[in-house]
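What follows is a short report on a single structure.
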Amino acid sequence: MEKEKTYNDLFDFVEDKCNFRKDKKGKFVWNCNGKLRFVEEFFILNKINKQIQENVIAKLKKCGGYCDCEVIFNCMDNIDKNMLIK
């Protein structure tokens with residue numbers, strides 16, 4: 001049986017996919033497109049059912065996570081990272 005996923009797993013996945021880095025001028029750049037595409041990719045890869053997806057997205061939006069980078073900037077410090085995704 002596969003290990004249950006936590007919000008920390010989700011945050012790590014999204015943070016890696018957003019690819020936060022600085023350009024040559026020292027300005028931060030990343031791959032967020034204003035949507036939850038990496039959150040949704042995490043759901044698919046981990047076979048998270050639709051009801052749980054809706055619950056997680058509602059929780060993310062409640063703390064300001066309306067896109068992938070906002071999930072990192074607004075939710076990482078406001079959601080218990082050890083909480084199971086369910």
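If you place +1 on the Cβ of every Lys and Arg and -1 on the Cβ of every Asp and Glu, how big does the dipole about the Cα centre of the chain come out, in debye to the nearest 20?
So the dipole magnitude of the chain works out to roughly 300 debye.
What is the projected area of the convex hull of the Cα atoms of the chain, averaged over all directions, in nm²?
If I average the Cα hull's projected area over directions, I get 5.8 nm².
Enumerate the amide H contacts of residue 6 below 5 Å, restricted to partners 5 or more residues apart or on another chain; note that Pro and chain-start residues carry no placed amide H.
85
Just list whichever of 25/61; 24/61; 35/62 have alpha carbons separated by over 22 Å in the model shown.
Correct reply: 25/61; 24/61.
What distance in nm separates the two pseudo spin-label positions at residue 50 and residue 21, each 7 Å out from Cα along the beta-carbon direction?
Here the modelled spin labels are 3.8 nm apart.
For the stretch 1-75, which GluC sites (Glu not before Pro) pass both filters: DSSP loop (anything but H, G, I, E, B) and at most 12 other C-beta atoms within 10 Å?
Answer by residue number: 2, 4.
Counting helices only, and only those DSSP H runs with n ≥ 4, report the 222 nm mean residue ellipticity of the chain as the sum of -39,500 (n - 2.57) divided by its residues, in deg cm²/dmol to the nearest 500.
The helix contribution divided over the chain gives -12000 deg cm²/dmol.
Among the listed pairs 17/47; 22/59; 17/86; 22/47; 5/50, which are separated by more than 26 Å between their Cα atoms?
Beyond 26 Å between Cα atoms: 22/59; 22/47.
With springs only between Cα atoms under 10 Å, which of 17, 62, 27 fluctuates most in a Gaussian network model of the chain?
Between 17, 62, 27, it is 27 that shows the largest mean-square fluctuation.
Name the residue farthest towards the positive end of the dipole of the chain from the options 32, 51, 85, assuming +1 on Cβ of Lys and Arg, -1 on Cβ of Asp and Glu, about the Cα centre.
So the residue we want is 32.
Here, each number is a calculation from the coordinates, and none is a lab measurement. If you're wondering where the values come from, they're calculated on a predicted model, not measured in any experiment. All Cβ positions, even for glycine, are placed from backbone atoms using ideal geometry, and neighbour counts span all protein chains on display.
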